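Just below is one structure, and these are the notes that go with it.
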Amino acid sequence: MVLWFSKWIAIGITRCKCEAGGHKLIDMVSHDNLKRLTVVIPSYGRREFLKRQISYWNGSLVQVLILDGSDVSAYDLQFPQNFRYVHSREGFLQRLLSATEMVDTEFVALLPDDEFFLESGLVDAIDYMDSNDQAIGCVGRCLYFFVDQGRFLLSHAYRDWRPFPPAPISMADRLDLDLPPNKTHMAMYGIYRRNHWITMIRGAYSVPFSCGYVYERLLNFQRSVLGRTEIIDSLLWMRSKENPPVTNSEFPRVKGRDFVSWATSAEFAVEVSRYREVARNILVRAGVNIKDIDLYVNRFVDGGVARQQSKEERARKSLRRKIGKKLLKLAPKRFRLLCKRHVPAQFLKFVGWEGHELPNVVCDLRSLGTRFDEAELRRIAELSLTTYGQIEVVRGI
């Protein structure tokens with residue numbers, strides 16, 4: 001009953017009158033520019049997703065650097081010529097920092113092992129930066145995706161990102177726009193000029209913390225200091241909701257290691273002070289006026305905690321969360337136990353509330369004026385469904 005009801009809603013709210021078809025909204029004349037880009041993919045214990053990356057990037061001009069920290073190497077897989085596979089038992093931070101010594105292309109991008117960049121979006125990003133010297137990097141539009149009971153489902157992500165003003169702005173302006181209570185856009189999965197990407201990675205990942213959410217915040221902060229990143233209206237990033245966020249001893253995200261718990265706990269007071277010091281050093285190296293540094297650091301750390309607390313409070317009060325909990329009570333006991341630690345997001349994901357069929361999302365993208373290649377989306381759907389089937393076989397489902 002719950003599954004039927006949720007599927008009915010997922011279908012009903014996404015009906016679209018436009019024709020799906022195979023219409024392509026992007027000209028691929030700049031494909032050769034892809035050889036100027038390296039995509040860095042850290043991986044750990046997800047062999048099936050690593051195989052999917054091989055299938056996806058095989059034959060591409062993009063250079064792919066795999067940094068695998070798994071217990072067992074994947075050297076037995078047949079890596080295409082545009083791949084470099086490095087197996088190391090070093091931790092995530094060390095592996096990612098090692099990439100700053102390995103990449104030699106003009107542009108670099110970071111990508112999780114279960115996600116995708118669309119080549120059409122990469123082409124647009126590189127073309128944009130070729131035409132805009134002031135841009136240190138570029139982010140694009142994003143879709144969430146997952147597979148639910150044999151269906152490939154999508155939803156829009158980060159449509160609330162705000163670009164910097166088109167007129168030239170100073171570092172102080174960028175910091176003001178990026179730091180709480182304001183917010184522009186994320187830096188994590190953008191395309192960057194190599195020298196800036198190296199600075200960002202080294203600035204964010206050189207110091208270990210007991211909270212996995214700290215590093216991305218430092219990366220965003222470093223990005224604001226370095227220069228402009230731009231948002232292009234091209235579909236670039238496909239963010240996977242197939243797996244829970246990675247959490248381990250080096251990259252903890254649960255059991256009191258969420259950002260607010262970590263930042264407000266006396267247990268981690270020394271680390272929080274170190275976090276402030278890393279932010280301070282980023283500003284000092286950038287030549288920020290000494291009288292302004294404390295203001296920026298306080299907005300970054302204290303303001304970041306306050307904004308996250310407010311965000312989590314809104315989520316607790318949201319109607320969707322209440323509905324999710326109510327429906328969960330009606331689900332079979334075995335299912336409730338499975339989802340207990342992931343309510344409501346994982347529950348809603350499994351029953352299909354968050355996802356829309358590909359033709360409906362294609363229609364949405366057209367109406368929004370976002371550039372994309374429908375054939376690429378269909379290929380990602382096919383690969384994702386194949387991986388889903390392979391994982392089911394391995395698990396004996």
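The values are calculated or read from the model by the stated rules, or taken from the named source; none is laboratory data. Every value quoted in this text rests on a predicted model; they were computed, and no experiment measured them. Cβ placement follows ideal geometry from the backbone for every residue including glycine, while neighbour counts extend to all protein chains displayed.
Candidates are the residues of the range 280-309 that are of a type outside the set (D, E, K, R) and under 22 Å from the mean Cα position of the chain (by Cα); the one that is farthest from Pro208 (Cα to Cα) is Gln309.
Scanning the range 182-210 for residues that are under 24 Å from Asp127 (Cβ atoms), of a type outside the set (D, E, K, R) and out of contact with any helix residue (DSSP H, G or I) (no Cβ under 6 Å at 6 or more places or on another chain) returns His185, Met186, Tyr189, Gly190, Tyr192, Asn195, Trp197, Thr199.
Conditions tested, residue by residue: (1) of a type outside the set (D, E, K, R); (2) in contact (Cβ under 8 Å) with a residue 40 or more places away in the chain; (3) touching a Lys or Arg at 6+ places or on another chain (Cβ under 7 Å); (4) not in a strand (DSSP E or B).
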site	(1), (2), (3), (4)
Leu219	yes, no, no, yes
Pro244	yes, yes, no, yes
Pro252	yes, yes, no, yes
Trp262	yes, yes, no, yes
Arg274	no, yes, no, yes
Phe300	yes, yes, no, yes
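Residue check: Gly45 meets all listed conditions (1) at negative phi; (2) free of Cβ contacts under 8 Å to residues at least 40 places away in the same chain but one, namely (1). If you check Glu250, Glu230 for being closer than 23 Å to Leu283 by Cα and in contact with a helix residue (DSSP H, G or I) (Cβ under 7 Å, 6 or more places away or on another chain), only one passes: Glu230. Taking the criterion of being at negative phi, at pLDDT below 55 and surrounded by 15 or more Cβ atoms within 10 Å (Cβ to Cβ), would at least one residue in the range 317-339 satisfy it? Within the range 317-339, one or more residues are at negative phi, at pLDDT below 55 and surrounded by 15 or more Cβ atoms within 10 Å (Cβ to Cβ). Taking the range 156-168 as the range and being over 14 Å from the mean Cα position of the chain (by Cα) and surrounded by 15 or more Cβ atoms within 10 Å (Cβ to Cβ) as the test, the residues that pass are Pro163, Phe164. Filtering the range 161-199 to residues that are outside any strand (DSSP E or B) and aromatic (Phe, Trp, Tyr) leaves Trp161, Phe164, Tyr189, Trp197.
For the range 126-160, the set of residues classified as among the aliphatic types (A, V, I, L, M) and either modelled with pLDDT under 95 or assigned to a strand (DSSP E or B) (or both) consists of Ala135, Ile136, Val139, Leu143, Val147, Leu153, Leu154, Ala157, listed by residue number. Could you go through the range 116-127 and let me know if any residue there is out of contact with any His (no Cβ under 7 Å at 6 or more places or on another chain), among the small types (Gly, Ala, Ser) and over 19 Å from Trp57 (Cα atoms). No; the residues of the range 116-127 include none that is out of contact with any His (no Cβ under 7 Å at 6 or more places or on another chain), among the small types (Gly, Ala, Ser) and over 19 Å from Trp57 (Cα atoms). Just one of the numbered conditions (1) under 20 Å from the mean Cα position of the chain (by Cα); (2) at pLDDT 95 or above; (3) under 24 Å from Leu377 (Cα atoms) is not true of Asp178: (3).
Pairing residues of the range 152-181 that are touching a residue at least 60 places away in the same chain (Cβ under 8 Å) and under 23 Å from Ser234 (Cα atoms) with residues that are in a loop (DSSP other than H, G, I, E, B) and of a type in the set (A, V, I, L, M), at Cβ distances under 8 Å and at least 6 apart in sequence or on separate chains, gives Trp161/Met186.
Across the range 200-213, the number of residues qualifying as among the small types (Gly, Ala, Ser) and in a loop (DSSP other than H, G, I, E, B) comes to 3. For Leu122, the criteria (1) farther than 28 Å from Val147 by Cβ; (2) not in a strand (DSSP E or B) hold in every case but one, which is (1).
Are any of the residues in the range 212-229 of a type in the set (A, V, I, L, M) and farther than 25 Å from Arg307 by Cβ?
Checked the range 212-229: no residue is of a type in the set (A, V, I, L, M) and farther than 25 Å from Arg307 by Cβ.
Just one of the listed residues (Arg280, Arg314) is closer than 18 Å to Met171 by Cα and assigned to a helix (DSSP H, G or I), and it is Arg280. From the list Val246, Val207, Val272, the one residue that fits, being surrounded by 15 or more Cβ atoms within 10 Å (Cβ to Cβ) and modelled with pLDDT under 95, is Val246.
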